[in-house]
Structures are given as structure tokens and as C-alpha cells.
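Here's the structure we're looking at; comments come further down.
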Amino acid sequence: MSLLELREKIDKLEARIAVIGLGFVGLPVACEFARVGFTVLGIDRNIERVNLINQGRSPIEGKEPGLGELLKEVTEAGRLRATWDYQAGGEQALSQCEIMLVDVETPVEFNETSGTNVPQYSALNSALRSLGAVIRPGTLVIIESTIAPGTMKQLVEPVLSETSGLVSGQDFYLANCPERVMPGKLLANLRTISRVVGGMTPEIAGTAAALYRHIVKADLDPVDCITAELVKTVENAYRDVQIAFANEVALICEATGGDVWKVRPLVNKSPFRQMHLPGAGVGGHCIPKDPWLLAYSASEAATPATLQVIPAARRVNDAMPLHMADLIVQALAEGKNGIEKRRILVMGYAYLEDSDDARNSPSANLVERLHSLGAETVVHDPFIPAYQGNLIEMAHGCDAAVVMVRHQAYLQLDMEALKNALSRPVLIDGRLAFNGLALRAAGWTYRAVGQAPGKASTP
Ligand code: SAJ
């Protein structure tokens, strides 16, 4: 099928779509294309997840407005079906699909030998090889996963060509359209945030943009693939550097007798300043990873670019959970207590407020650090089943509490009850969730990230 014929099928909603990987990115996009009338086949290796989806039940916990209802609607209408089997037959077989979206994980892993963080493409490779075995001429393959710049040319295209025996640009068409979703706003972001649409040729980019036009009510910017790969990784590296700057200012304020929570809003009164929020660390599936994808491409280039700012920002942000441990040590020392054998209540394990997503959780690094200092930990999180429970009861016997995530539930806490439950009224605030002045007046030993001892401000 020619690109023109494929475009016509897209315009008429007749092109059959396959989505490989039904996680935070793949499931919403599968539902959205099904919602507007496409027939969608979802593929995921997690059989439990596949079964839940086919029952019209979302496997994604946490608050995702509209997703559960939409999934039920499109599965009942028969426009979305999931399977774990690439080889599944029938009229809705993968090989019958003219469009394949790839939404599998693309983590990075620290390589001791090279001392760098290296992309781990096993899931991507596996998906590409499975697709290569079934795709037919005329298929449009769109990589939505975040990949290091250059991956489309250096990995995706060769693997698909080798495994399919087809010619890229002639038999199958390749595009890269990175997502901009965020847990808690998956459907909203998908519908309302612009996207770059990279194509191996301008015509392919235009065809892919025509597909996304059915679900995206925002700019769709057709570009070449390297531009799409760079935009995605740069936008997240940019955010990481912004957060690292805020965290470094927090450390400066602690050292110089300042209060970053007073300094920040005043800095932002200066035109064109947008100082981000300092905090207990940077977690999630995007920000801690994407800067390393970008850095990897820069270091692997024929004439490598040597980076300073982006790796340094990663080091600053990765150090914040360890700094929270330092603040706990300092606060306990105010009462002449050491950290060893102390029990610390860790409030919040998700990487983001009011989310159950714990990927790259800063709290995990804090817990590990506290254990290395000889302390015990009790972890609470209202959204994560393993850590749910009555916070006040969990506080009994603990010598201090540390807030790592600004969950709404913590902002409404009975602080007197928490104070009475703890054996020492010590609170370390990693997200300025509390009013330090009021807590100190109530007899707490209170420290917030970015505030020198004795300083305090209201959230
Ligand atoms: N964080 C700070 N200070 C800040 C902002 C965030 O410490 O000023 C921390 C958060 O606590 C969290 C981590 O950084 O642990 C990441 O927070 P995030 O708000 O960036 O949330 P993410 O990881 O879901 O980011 C996603 C990204 N979107 C995509 O990759 C598609 C990011 O580019 C978006 O800017 C963000 O959502 C958003 O705000 O939509």
C-alpha cells in the first residue's frame, strides 16, 4: 500500500492500529484512537494486564480522570482488544494492522565499566523483532517511546529491515512521535498538548501527523526523526536542570542563613525567571532518565560533545534524598540524639503527589541511606498498597518523621496526634508541606529543605 492509500484509510478511520505496550503511554493512546472510531489491537506481554483490559478494567491505579470509563466504553464497543500474542490470528491479527505504535519502556542503566548511563533497549528490540516478523508492505511504524537521539536511524530502521526483509521508506514507513503524558493527566495531556511528529521523510511525517490529528487538539509539528528525538530528550533534560538549580539554591540558603521558599518567589518576580521548586528529590519515569539518553547520544557521536551541565544536574538531584537524611541527622542532633537505631517515619513513597507511581522514587534512596546509617524506617504512602495504613499508628515508636511527597492527605493531618504518637516531635519537610512557624510554636523540632536552622515560612 502506498503512503497515499494509507493516508486515505487514516482519513476514513479505516486503518487498523496496533499499540505495542499498554502502560501509562500505550493504554491511553489505544483508548483514544478507539474512541474516535479506529479499530485498535493492544499488545502487552503482561497477561494479567491484557485480561484486565479485555474486561474493560484499567490496570493503572491512581487517579486518571476519564480513563476507566473510556476503556470500558471502547472494549464494550469492540474497538479495542488486547492480547499478549504477536502471532494471534484472525481478522484482527497484528499482521492485518497498517499502523503500529510502539510504547515500550526504554530505561537507562549505569555501566560500571564506562561510568556512564546506557540506554537499555531490550524491550524495544524485542518489540521490533516481533513486529518485523509480521509487518506487511505499506505499514507505518511509529515509535512513541522516548529514545536517545539517533536511535531511529541506528537501531529501529536496521532491525525492522533485517527482520522483515522489507525496505524502509519503500515497503514500510518509519516515524517517531514522542509522548508528553503525565500520571494523573494521561488523557488530558494526550488530547491537549502539542507533539513533534518525526518522519524518515516529510511525507511520512505528514501521514503520521494526519493520524494524530484525530486525537490531538494542539500543534502537530512535522519534523525529521533526529529533531523529534532531540526535542523529547532536551525538554526533559531542561526540566531536570531547572530543578537542579532550585535544589542548589536550597543548599545555598541552608548554608547562608536563608530561606529558599522566601527567595524563590522574589526571584521569580524578576522578568523571565521561572525558578522551579526545590525538594526531596526527582523521581518518575521521564526526568531522571531522559537526560541520560541525551547524554549517551552526545558521547557516542562520531565527534562526541562533552557535557557539563546536564550530568551535573543529575548528580545534584540524585543527591537530594541523601540531603534529606542529613537534615534528619541534624534535627535529631538538636535533641542530642544520634541517628543510629532510631526509627524514622518516611511519609510518601510515590514520586509525585497524589500518585501511586513509585518509579525512581527518591524515597527509595532515602530509605537505603537511612539503613546505611543504622536507622530503621517505617514507610507510609496513601496510594501505594504496600505502604498504606493508619499514619498515626505507624508513627508510634518513631523518633522522627520526614515528608518526601506532598500528598494532599498529609496537608490535612492532625499534627497534635502525630506529635503525641512520635517519641520525639521531629519533622523534616522535603516539600514545604507544613507551616514551620506554627509547628515550632507547638513544640516541634522542624527543618525544611532550603531553610537554615531556625528559619521557617508558611507553604
Ligand atoms: N520536581 C521537583 N521540582 C519541580 C518539579 C518537579 O522537585 O519544580 C520533582 C517531582 O517531585 C518529581 C519529579 O521532579 O519527583 C518529576 O516531576 P514532574 O512534574 O516533572 O513529573 P513527571 O516526571 O511526570 O514529568 C512529566 C514530563 N512529561 C513527559 O515526559 C511527557 C515533564 O516533561 C513534564 O514537564 C511534566 O510531566 C508535567 O509537568 O507535565
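No value in this document is a laboratory result; all are computed from the given coordinates. The shown structure was predicted, so the numbers you read here are calculated from the model rather than taken from an experiment. Glycine also receives a Cβ, built like all others from the backbone with ideal geometry; neighbour counts cover every protein chain displayed.
So for the pair N111, N54, with labels modelled 7 Å out along Cα→Cβ, what separation do we get in nm?
Spacing of the two 7 Å Cα→Cβ label points: 4.0 nm.
Under the rule of at least 5 residues apart or a separate chain, name every residue whose amide H is placed under 5 Å from the amide H of Q451.
The list, which skips near neighbours in sequence, is V260.
If you put +1 on each Lys and Arg Cβ and -1 on each Asp and Glu Cβ, how big is the dipole of the chain around its Cα centre, in Debye rounded to 20?
Charge dipole of the chain: 1100 debye, to the nearest 20.
Spelling out what I want: for every residue of region 291-302, take phi, set θ = phi - 60°, compute 6.51 cos²θ - 1.76 cosθ + 1.60 (Karplus), and round to whole Hz; glycine and proline get x.
Values per residue, Gly and Pro as x: x, 6, 5, 5, 5, 4, 5, 5, 7, 8, 5, 4 Hz.
Taking 20 °C and 1.002 mPa s as the conditions, I'd like the Stokes-Einstein D for the chain in µm²/s, using the Kirkwood hydrodynamic radius from alpha carbon pairs.
Estimated via Stokes-Einstein, D reaches 90 µm²/s.
Using the Karplus curve 6.51 cos²θ - 1.76 cosθ + 1.60 with θ = phi - 60°, work out ³J(HN,Hα) for each residue of region 316-327 in order, rounded to whole Hz, and write x for Gly and Pro.
Each residue of region 316-327 in turn: 4, 5, 5, 7, 5, x, 5, 5, 4, 5, 4, 5 Hz.
So how much slack lies between S122 and R273, counting 0.36 nm per residue of separation and subtracting their Cα-Cα distance, in nm?
The S122-R273 span can extend by a further 50.3 nm.
Measuring from label point to label point, each 7 Å out along Cα→Cβ, what is the Q330 to R136 span in nm?
6.6 nm
Could you calculate the FRET efficiency of V234 with A442 from 1/(1 + (r/R0)^6), where r is the beta carbon distance between them and R0 is 56 Å, rounded to 0.05?
0.75
Check H276: other-chain or 5+ apart residues with amide H under 5 Å from its amide H, H built from backbone geometry?
Hits under the 5 Å cutoff: A246.
Which of the lysines could be linked to K185 by a straight reach, that is with a Cα gap under 29 Å, when you skip same-chain ones fewer than 8 residues away?
K12, K63, K72, K217, K232, K269, K289
Quick check: pseudo-label points 7 Å beyond the Cα along Cα→Cβ at E8 and N46, how many nm apart are they?
4.1 nm
May I ask you to evaluate 6.51 cos²θ - 1.76 cosθ + 1.60, the Karplus curve with θ = phi - 60°, for each residue of region 250-265 and list the ³J(HN,Hα) values in order in whole Hz, giving x for glycine and proline?
The phi angles translate into 4, 5, 5, 4, 4, 6, 9, x, x, 9, 4, 6, 8, 5, 4, x Hz.
Would you grab the residues whose amide H sits under 5 Å from the one on F172? Only those 5+ places off in sequence or on another chain, please, with H modelled 1.01 Å from N.
For F172, the qualifying residues are G138, V167.
For region 353-433, go through all pairs of different Cα atoms, get the mean of 1/r, take its inverse, and jot down that Kirkwood value in Å.
13.2 Å
Report the FRET efficiency, 1/(1 + (r/R0)^6), for E416 and A305, where r is their Cβ-Cβ distance and R0 is 45 Å, rounded to 0.05.
Calculated value: 0.20.
When DSSP beta bridges are limited to those with both residues in the chain, what percentage is antiparallel, rounded to the nearest 5?
Restricted to the chain, the bridges split so that about 15 percent are antiparallel.
Taking a spot 7 Å from the Cα of S423 along the direction of its beta carbon, which residues of region 321-348 have an amide N less than 11 Å from it?
Residues 341-344 fall inside that zone.
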